[in-house]
Amino acid sequence: MRNQDASPPSVVDALYREADDWHVNAGGETIHAKRLSGPWRRFKWLMASVWLIYFLGPYLRWNGQQAVLFDIPNRQYHLFSTTVLPQDFWMLSLLLLFFAILLAVVTALVGRAWCGFFCFQTVWTDVFTWIEERLEGSPVARRTLDKAPMTLGKLRIKAIKHGLWILIGFLTGFSFVAWFTDAFVLWRTFFVGEANGAAYATVALFTAGTYVLAGFLREQTCFWLCPYARIQGVMLDRTTIVPAYDEQRGEPRGRVRRAEEAKAIGDCVDCNQCVAVCPTGIDIRQGQQEGCITCALCIDACNHVMDKVGRPRGLIRYTSLDELEGHSTKPLLLRARVWVYSGILALALGGILYGLTSLAPIELKVLHERAPLFVLQSDGSIQNAYTLKVLNKTPEPIAVTISVSGHDQMTLVGADTPVMADPGNVTPARLFVKIPRRDLAEVQQPIVFHAETRLPSGQTIETERESVFIGPNR
Amino acid sequence: MADHNPFPGENNTGHVWDDNLRELKNLPPRWWMIGLWASILWVVGYTVLYPSWPVGQEPTQGILGWTQMKEYKRGLEQVAAKRAEFEDKIQGMTADEIIADPGLTQYTLASAKVLFGDNCSACHGSGGQGNPGYPVLADDDWLYGGTTTKIAQTISGGRQGAMTAHQNILKPEEVDTLAHWVVQMNETAGKGGSEAGWALFKTKGCTACHGQTANGVLAELPNGDVVTVGAANLTDGIWRFEPGGFESAKHTILYGVNQHGVPETRNAVMPAFADAGKLTDEEIKKLVVYVHELGGGQ
């Protein structure tokens, strides 16, 4: 347009013609980002495919039942052959710690990788705009269609698009519910009105949420709704590698004109392609900013253009602020952060592994009777009452034998027959311990209750719990 | 308010104060209007479905027929249904049969805990730990027998202890000798009572209630039951009346238990809980199981 008098390389002509259409996102209009192929684009699809687990996972079977099932009404969480009961929930806090630190370490090292490649907001928006492009065409065509008056043809396209969006929203909600109830049963009951009311409410909420968030709010969610976007923004430092524009090399930017003139200016040809492909509509050349989700699509776009104009790639590339400014960079393994974060990660992971491998099939709790703390029996002994609670985490009823140790002259009353512990439940039993008064040296005598059982597999399981025997003041 | 409108063509109402403070006719934001109409629709929908308008004695019922009271009663029915499977079983069982079944025992203990709290704990303590003058229920020292049958009799018919006041029967030194003897018996589990004490015990009529061996048992029946009149077992370390010891024993011997016209006498009365429908037979049965399992049932 403006370069009629010059003789620029013909390849970038087309880019300049659309360059003025691309401008930085101010929230006023829908971002219609351009889609280019490239290694980062492929990487992005690859990473997004992790979410297939979310959709397909509930259908996985293990020993005849759903492999991963969070059975909230029965308070049982099935993970393959392991059953986790609420008592083991301390592991959840370690799991949350693990992922919180993982987020921190990844962000500190390679920027907002979560935002750019894994976040559901990013991935779902990506899929939604991909459908939009399939149906409505290129960004220019989409903008034209949006402005065009409503016709039957436009209505048809829009109806299909919104229908597909709602369908994806529905599948998102349905898959979520399928983790909490048997997935196959859910399919059978959901459409005939026999599923749980909470299931319908959840699916409705997710359908609406997905439709609105990925269909309309899109990058505005990252800008104004998402707290993690801001939190992650402060985790970056000078050594973090993020998609960044090499200002030293690129500036002063200028459009490609005559070859000799081009030498006097920087490598950036000001084609605005980096803005064009940006899903959040920002200009990476303005430096790191909160709107950048580090999805690296601008790297693909810029390399594309650099190839065309015959300049070296990497004007926009994954690099750190230190490197861009010519400071020395520390190798990964010499950075304290890497070690501290890795240490916490290893601790949390170790705790979870320990927990999962040491899940005891039975658990014993002992409650000492407080009113009265002790009674004097007619034979001159002191008696304490205890309520034992036996938790059976196995799927079979088991007979648990109770014994007690800690004092030579101790008699256990009420434990002649074993406690029959119901599966997945806590079975209480009231027992008494007697010690002759003359043999009682301490007001508080520590004692230990033992529970022993033989599983149907023949394996013998033991567990114990400390308690106290209380006598009168001497 | 200004008489003329200094801001014509501005879409204001013509109300202007302090030269330039004026009321505009701007429409409320659309989201606000949507919210307003949605709220109105909500109210209409709600009043159609749920009880709401106070018309006459009763509010309008709403086509769903829902009320908080109905929901509360449904909840009670659910609890009753859950309990019914246990209640139906224990209905036809004796206390001993319930105790033989650990599952039913646990249910009965949980159920009777409330009954015990309402009816028994005021005197016997929340856990059967007793109170001064009121026997401990968590031990195995029973005045009237610790079998389920005896406990049931005690709860249903109540108990009234009796012991003669010996202030005018025995000489002061005899009272002292007996009181010393009771303390010796208490400390030695019945083995170390003095000769003089035993002689008085046997000759002054004490055996009529406390038994020949002073253990409170008058006779043992072939089925293992014991015959008692509620007199204390003097051969164990447990005192019937607080605080125990010489002075306390002397007091009991001097003034007796439940003696009319003796102001210092000990009180030992348990009301009858079957009287006037205080407790039903089923409730008494549950309490029998509860008391029996407190720590000393026989």
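Any chance the stretch A:186-194 includes a residue that's on the phi > 0 side of the Ramachandran plot, more than 23 Å from the chain's Cα centre (by Cα), assigned by TED's automatic domain parsing to the domain that holds A:ILE53 and among the small types (Gly, Ala, Ser)?
Of the stretch A:186-194, the ones on the phi > 0 side of the Ramachandran plot are A:193.
Keeping just the survivors that are more than 23 Å from the chain's Cα centre (by Cα) gives A:193.
Applying the additional criterion that residues be assigned by TED's automatic domain parsing to the domain that holds A:ILE53 yields A:193.
Then drop every residue that is not among the small types (Gly, Ala, Ser), which leaves A:193.
So far as the stretch A:186-194 goes, yes, one or more of its residues are on the phi > 0 side of the Ramachandran plot, more than 23 Å from the chain's Cα centre (by Cα), assigned by TED's automatic domain parsing to the domain that holds A:ILE53 and among the small types (Gly, Ala, Ser).
Read through the list (1) outside any loop (DSSP other than H, G, I, E, B); (2) of a type in the set (Val, Ile, Thr); (3) crowded, with 19+ Cβ neighbours inside 10 Å, then give the number of the only condition that B:VAL136 fails.
(1)
B:ALA152 passes all but one of (1) within 14 Å of chain A (Cβ to nearest Cβ); (2) in contact with a Leu (Cβ under 9 Å, 6 or more places away or on another chain); which number fails?
All conditions pass for B:ALA152, except number (1).
Only residues in the stretch A:236-248 that are of a type outside the set (A, V, I, L, M) count as the first member; pair them with residues that are part of a strand (DSSP E or B), Cβ under 8 angstrom, at least 6 apart or cross-chain, and list the lot.
A:PRO243/A:ILE316; A:PRO243/A:ARG317; A:PRO243/A:TYR318; A:TYR245/A:ILE316; A:ASP246/A:ILE316; A:ASP246/A:ARG317; A:ASP246/A:THR319
Filtering the stretch B:185-225 down to residues that are in a helix (DSSP H, G or I) and among the small types (Gly, Ala, Ser), which residue is nearest to B:GLY146 (Cα to Cα)? Write out each step before concluding.
First, the residues of the stretch B:185-225 that are in a helix (DSSP H, G or I): B:185-188, B:195-203, B:207-210.
Keeping just the survivors that are among the small types (Gly, Ala, Ser) gives B:196-197, B:199, B:208.
Details: B:ALA196: 32, B:GLY197: 29, B:ALA199: 30, B:ALA208: 21 Å.
Going through the qualifying residues, I end up with B:ALA208.
Mind listing whichever residues of the stretch A:449-474 are part of a loop (DSSP other than H, G, I, E, B) and either over 41 Å from the mean Cα position of the chain (by Cα) or not assigned by TED's automatic domain parsing to the domain that holds A:GLN377 (or both)?
Within the stretch A:449-474, A:GLY471, A:PRO472, A:ASN473, A:ARG474 meet the criteria.
Considering (1) part of a helix (DSSP H, G or I); (2) in the same structural domain as A:ALA113 (by TED's automatic domain parsing); (3) not aliphatic (A, V, I, L, M), say which one A:GLN248 fails and leave the rest.
(2)
Conditions (1) surrounded by 14 or more Cβ atoms within 10 Å (Cβ to Cβ); (2) not polar (S, T, N, Q), marked per residue:
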residue: B:THR148; (1), (2): yes, no
residue: B:ILE155; (1), (2): yes, yes
residue: B:ALA165; (1), (2): yes, yes
residue: B:PRO172; (1), (2): no, yes
residue: B:THR177; (1), (2): yes, no
residue: B:VAL182; (1), (2): yes, yes
residue: B:ASN186; (1), (2): yes, no
residue: B:GLY190; (1), (2): yes, yes
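Please state which one of A:ASP422, A:ASP439 is of a type in the set (D, E, K, R) and over 15 Å from A:PHE374 (Cβ atoms).
None of the others qualify; the one that does is A:ASP422.
Can you find, within the stretch A:341-379, the residue that is surrounded by the fewest Cβ atoms within 10 Å (Cβ to Cβ) among those that are within 14 Å of chain B (Cβ to nearest Cβ) and small (Gly, Ala, Ser)?
That would be A:ALA371.
For the structure I just gave you, tell me whether A:TRP114 is at pLDDT 95 or above and either surrounded by 17 or more Cβ atoms within 10 Å (Cβ to Cβ) or under 14 Å from the mean Cα position of the chain (by Cα) (or both).
So A:TRP114 fails the test.
Yes/no matrix, rows are residues, columns are (1) in contact with a strand residue (DSSP E or B) (Cβ under 7 Å, 6 or more places away or on another chain); (2) surrounded by fewer than 20 Cβ atoms within 10 Å (Cβ to Cβ); (3) touching a residue at least 40 places away in the same chain (Cβ under 8 Å):
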| residue | (1), (2), (3) |
| --- | --- |
| B:ASN233 | no, no, yes |
| B:GLY245 | no, yes, yes |
| B:ILE253 | no, no, yes |
| B:VAL257 | yes, no, yes |
| B:GLY261 | no, yes, no |
| B:ILE284 | no, no, yes |
| B:VAL288 | no, no, yes |
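I need the full set of residues from the stretch A:274-310 which are surrounded by 20 or more Cβ atoms within 10 Å (Cβ to Cβ), more than 18 Å from A:PHE43 (Cβ to Cβ) and out of contact with any Gly (no Cβ under 9 Å at 6 or more places or on another chain), in order please.
A:ALA276, A:VAL305 - these are the residues of the stretch A:274-310 that are surrounded by 20 or more Cβ atoms within 10 Å (Cβ to Cβ), more than 18 Å from A:PHE43 (Cβ to Cβ) and out of contact with any Gly (no Cβ under 9 Å at 6 or more places or on another chain).
Output the residue which, of all residues in the stretch A:123-180 that are surrounded by 12 or more Cβ atoms within 10 Å (Cβ to Cβ) and free of Cβ contacts under 8 Å to residues at least 12 places away in the same chain, is nearest to A:LEU56 (Cα to Cα).
So, considering only residues that are surrounded by 12 or more Cβ atoms within 10 Å (Cβ to Cβ) and free of Cβ contacts under 8 Å to residues at least 12 places away in the same chain, the one nearest to A:LEU56 (Cα to Cα) is A:LEU167.
State all residues of the stretch B:232-247 that are assigned to a loop (DSSP other than H, G, I, E, B) and more than 14 Å from chain A (Cβ to nearest Cβ); if no residue qualifies, say none.
Across the stretch B:232-247, the qualifying residues are B:PHE241, B:GLY245.
Just checking, which of A:THR202, A:THR221 is in a helix (DSSP H, G or I), in contact (Cβ under 8 Å) with a residue 12 or more places away in the chain, among the β-branched types (Val, Ile, Thr) and within 30 Å of A:GLU290 (Cβ to Cβ)?
The match here is A:THR221.
Hey, B:THR213 hits all of (1) away from chain A (no Cβ under 14 Å); (2) farther than 26 Å from B:THR105 by Cα but one; which does it fall short on?
Result: B:THR213 fails condition (1) only.
More than 28 Å from the chain's Cα centre (by Cα), crowded, with 20+ Cβ neighbours inside 10 Å and within 30 Å of A:ARG317 (Cβ to Cβ), is that true of A:CYS222?
Taking the combined requirement at face value, the residue does not satisfy it.
Identify the single condition in (1) within 13 Å of another protein chain (Cβ to nearest Cβ); (2) hydrophobic (A, V, I, L, M, F, W, C); (3) closer than 25 Å to A:LEU85 by Cα; (4) in a loop (DSSP other than H, G, I, E, B) that A:ALA415 does not satisfy, given that it satisfies every other one.
(3)
Looking at the stretch B:271-280, can you tell me whether even one residue there is buried (at least 19 other Cβ atoms within 10 Å of the Cβ), in contact with a Cys (Cβ under 8 Å, 6 or more places away or on another chain) and at pLDDT 90 or above?
Taking the stretch B:271-280 as the starting set, the residues that turn out to be buried (at least 19 other Cβ atoms within 10 Å of the Cβ) are B:273, B:279.
Now drop any that are not in contact with a Cys (Cβ under 8 Å, 6 or more places away or on another chain), which leaves none.
Within the stretch B:271-280, none of the residues are buried (at least 19 other Cβ atoms within 10 Å of the Cβ), in contact with a Cys (Cβ under 8 Å, 6 or more places away or on another chain) and at pLDDT 90 or above.
Please go through the stretch B:90-130 and give me each residue that is in contact with a Leu (Cβ under 6 Å, 6 or more places away or on another chain) and within 11 Å of chain A (Cβ to nearest Cβ), ordered by number.
B:HIS124, B:GLY128
Which number in (1) assigned to a loop (DSSP other than H, G, I, E, B); (2) among the charged types (D, E, K, R); (3) surrounded by fewer than 17 Cβ atoms within 10 Å (Cβ to Cβ) marks the one condition that B:LYS113 misses?
Going through the list (1) assigned to a loop (DSSP other than H, G, I, E, B); (2) among the charged types (D, E, K, R); (3) surrounded by fewer than 17 Cβ atoms within 10 Å (Cβ to Cβ), B:LYS113 breaks only (1).
Within the stretch A:356-386, restricting attention to residues that are modelled with pLDDT of 90 or more and under 41 Å from the mean Cα position of the chain (by Cα), which residue is nearest to B:ASP141 (Cα to Cα)?
Checked the stretch A:356-386; the qualifying residue nearest to B:ASP141 (Cα to Cα) is A:LEU367.
Quick test of your reading of the structure: B:VAL229 fulfils all but one of (1) surrounded by 12 or more Cβ atoms within 10 Å (Cβ to Cβ); (2) within 14 Å of chain A (Cβ to nearest Cβ); (3) closer than 21 Å to B:LEU137 by Cα; (4) not charged (D, E, K, R). Name the failing condition by number.
B:VAL229 satisfies all of (1) surrounded by 12 or more Cβ atoms within 10 Å (Cβ to Cβ); (2) within 14 Å of chain A (Cβ to nearest Cβ); (3) closer than 21 Å to B:LEU137 by Cα; (4) not charged (D, E, K, R) except (2).
When you go through (1) farther than 30 Å from B:VAL291 by Cβ; (2) touching a residue at least 60 places away in the same chain (Cβ under 8 Å) one by one for B:THR105, which number turns out not to apply?
Tallying (1) farther than 30 Å from B:VAL291 by Cβ; (2) touching a residue at least 60 places away in the same chain (Cβ under 8 Å), B:THR105 fails exactly one: (1).
Only one of (1) modelled with pLDDT of 90 or more; (2) within 19 Å of the chain's Cα centre (by Cα); (3) within 13 Å of another protein chain (Cβ to nearest Cβ) is not met by B:GLY295, so which one is it?
With (1) modelled with pLDDT of 90 or more; (2) within 19 Å of the chain's Cα centre (by Cα); (3) within 13 Å of another protein chain (Cβ to nearest Cβ) applied to B:GLY295, the lone miss is (1).
The values are calculated or read from the model by the stated rules, or taken from the named source; none is laboratory data. Note that this is a predicted model, so its numbers are computed, not measured. Please note: Cβ atoms are built from the backbone with ideal geometry, for glycine as well, and neighbour counts cover all protein chains shown.
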